[in-house]
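Trainee: Quick one: the structure is below, and I'll ask about it shortly.
What follows draws every value from the coordinates through simple rules; no lab data is involved. Predicted model only: the values in this text are computed from it and were never measured. Counting neighbours? That spans all protein chains shown, and the Cβs are built from the backbone with ideal geometry, glycine included.
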Amino acid sequence: MIPKVLRTALGHFSSDGREYVIETPHTPRPWINVISNGDYGFTVSQAGSGYSWRTHAQLNRITRWEQDLIKDEWGKYIYIREGPGQIWSAGWKPVCAEPEHYRCTHGIGYTLIESKNRG
């Protein structure tokens, strides 16, 4: 078993310390990862929200964003429809369907969100 470094109720660092693994979308504030190559960049939160920009994060936004340090309700989302009345989102936001399993891994240059919904 891989040791979970600096474990909290919400997550832990990976054993090599290169990633932070968040095991629930219910964090007290948005926990985001900022990813940029110096010209294009984007943020993504543990709940799946975020925005993108080119050259200047405040003055040249590509997608909508409102910096709300509590709600984390702005951004573009991916919706998944499996049948009549069965709609959920790839990340936890905006549908907020309680997943059977949820994990968000923030690393340098990437974020991976995994969830299990309805089997």
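Trainee: Looking at GLY119, TYR20, GLY48, which one has the Cα that reaches farthest to the positive end of the dipole of segment 5-119 (charges on Cβ: Lys, Arg +1; Asp, Glu -1)?
Mentor: GLY48
Trainee: Keeping to pairs on different chains or 8 or more places apart, tell me how many lysine pairs in the chain have Cα atoms under 22 Å apart.
Mentor: Taking the chain as the scope, the lysine pair count is 5.
Trainee: If you place +1 on the Cβ of every Lys and Arg and -1 on the Cβ of every Asp and Glu, how big does the dipole about the Cα centre of the chain come out, in debye to the nearest 20?
Mentor: With only Lys, Arg, Asp and Glu charged at Cβ, the dipole is about 80 debye.
Trainee: Of the DSSP beta bridges with both residues in segment 10-119, give the percent that are antiparallel, rounding to the nearest 5.
Mentor: 95
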